[in-house]
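What follows is a short report on a single structure.
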Amino acid sequence: MKKKTASIYDYPTYYDLVFGSDTAAEMRFLQACFERFVDGRVKRVFEPACGTGRLLYRLARLGYRVGGIDLNPKAVEYCNARFRRRGIKANVQCGDMCDFAVKQPFDAAFNTINSFRHLLSEDAAIAHLECMARAVREGGIYALGIHLTPTRGDATDHESWSARRGQLAINTHMWPIEKNSRDRIERFGIRFDVYKPTESLRIEDVLVLRSYTRRQLNTLIEAVSNWEPLAFYDFGYRIDEPIVPDSETEDVVVILKNVGRRKASKKSGPTTRSQRPAKQTKR
Ligand SMILES: C[S@@+](CC[C@H](N)C(=O)[O-])C[C@H]1O[C@@H](n2cnc3c(N)ncnc32)[C@H](O)[C@@H]1O
């Protein structure tokens with residue numbers, strides 16, 4: 001088997017296959033969130049760190065106007081090529097998710113699988129949430145999904161899984177290399193073993209991610225006044241089964257609502273259904 005050290009994000013076809021298994025559940029969940037939590041109608045959606053656009057592309061096919069940014073030019077090109085093939089107009093560009101601006105705010109945004117943890121400092125994370133508060137209109141939402149570090153029990157951090165499409169098969173393995181709870185930087189090895197009829201290839205990469213306990217995530221959200229957490233879910237993506245994160249929680253999707261600058265004067269924490277404004281229009 002040939003071996004390469006490279007960024008897994010430089011291989012959009014492989015990335016999409018390896019990380020695509022939850023796509024259908026994510027799609028159902030996101031649309032249910034738009035319906036349930038956004039004031040007014042959702043027509044335009046944005047994804048920071050959109051990668052290959054596996055979700056944006058499907059949303060665009062359902063009729064949403066979509067936009068996104070990603071640091072990786074190969075992923076952006078793959079994403080835009082997919083839009084071009086279908087004749088879909090979309091605005092996906094190379095950009096840094098902690099330093100960007102959009103021309104017109106979106107109705108909703110999402111970032112579901114840990115991409116946020118690529119931001120390695122509190123300043124970068126706050127800068128991102130501030131950019132997002134300008135990129136999503138008031139009354140709109142940002143669904144942010146990350147793996148938390150549990151403060152009780154063991155973290156699940158060795159993972160192996162396989163995916164196959166036609167004659168392409170990929171076995172993926174991910175393992176921790178180093179964790180530093182003081183500076184909250186974690187390094188994970190990740191390996192794609194790629195099998196095609198004509199060749200087999202091993203791609204190895206190191207992912208550097210910032211860690212968050214439940215409290216650290218709450219503290220961060222508190223720091224940006226526009227965002228109010230409405231509800232939490234796990235990666236089961238079941239809209240009628242919100243969770244209350246505790247010290248053992250690992251997967252979390254927090255639904256943040258852009259409440260403008262009002263939060264400072266309000267008690268923080270998830271609102272109840274009766275506290276939420278009634279929806280004005282339905283999609
Ligand atoms: C785990 S992938 C997720 C891709 C996509 N959101 C998805 O759900 O399939 C993480 C993505 O974050 C991108 N990324 C990392 N740091 C970034 C940054 N500072 N700004 C924008 N994108 C970034 C990577 O290039 C990669 O495409």
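Read the figures in this text as sums done on the coordinates, not as results from a lab. The structure displayed is predicted, hence computed values, not measured ones. Cβ: placed from backbone, ideal geometry, glycine included. Neighbour counts: every protein chain shown.
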Selection over segment 94-112 where residues are assigned to a loop (DSSP other than H, G, I, E, B) and either in contact with a helix residue (DSSP H, G or I) (Cβ under 8 Å, 6 or more places away or on another chain) or near the ligand (Cβ under 8 Å from one of its atoms) (or both) yields a count of 8
Scanning segment 25-59 for residues that are aliphatic (A, V, I, L, M) and within 13 Å of the ligand (Cβ to nearest atom), the one surrounded by the fewest Cβ atoms within 10 Å (Cβ to Cβ) turns out to be A25
A81 vs (1) touching a residue at least 12 places away in the same chain (Cβ under 8 Å); (2) under 29 Å from F192 (Cβ atoms); (3) more than 14 Å from the ligand (Cβ to nearest atom); (4) small (G, A, S): all pass except (1)
Screening T149, T198, T213, T156 for residues that are hydroxyl-bearing (S, T, Y), exposed (fewer than 15 other Cβ atoms within 10 Å of the Cβ) and either over 24 Å from A6 (Cβ atoms) or within 19 Å of the chain's Cα centre (by Cα) (or both) leaves only T156
Given (1) under 30 Å from D39 (Cβ atoms); (2) surrounded by 14 or more Cβ atoms within 10 Å (Cβ to Cβ), A169 misses just (1)
*asked:* For the structure I just gave you, tell me whether G139 is crowded, with 16+ Cβ neighbours inside 10 Å, on the phi > 0 side of the Ramachandran plot and assigned to a strand (DSSP E or B).
replied: yes
Sole miss for A125 among (1) among the aliphatic types (A, V, I, L, M); (2) outside any helix (DSSP H, G or I); (3) within 16 Å of the chain's Cα centre (by Cα); (4) within 16 Å of the ligand (Cβ to nearest atom) is condition (2)
Taking segment 217-255 and keeping residues out of contact with any strand residue (DSSP E or B) (no Cβ under 9 Å at 6 or more places or on another chain) and outside any loop (DSSP other than H, G, I, E, B) leaves T219, L220, E222, A223
Exception for R184 within (1) in contact with a helix residue (DSSP H, G or I) (Cβ under 8 Å, 6 or more places away or on another chain); (2) of a type in the set (D, E, K, R); (3) within 15 Å of the ligand (Cβ to nearest atom); (4) within 28 Å of D246 (Cβ to Cβ) falls at (3)
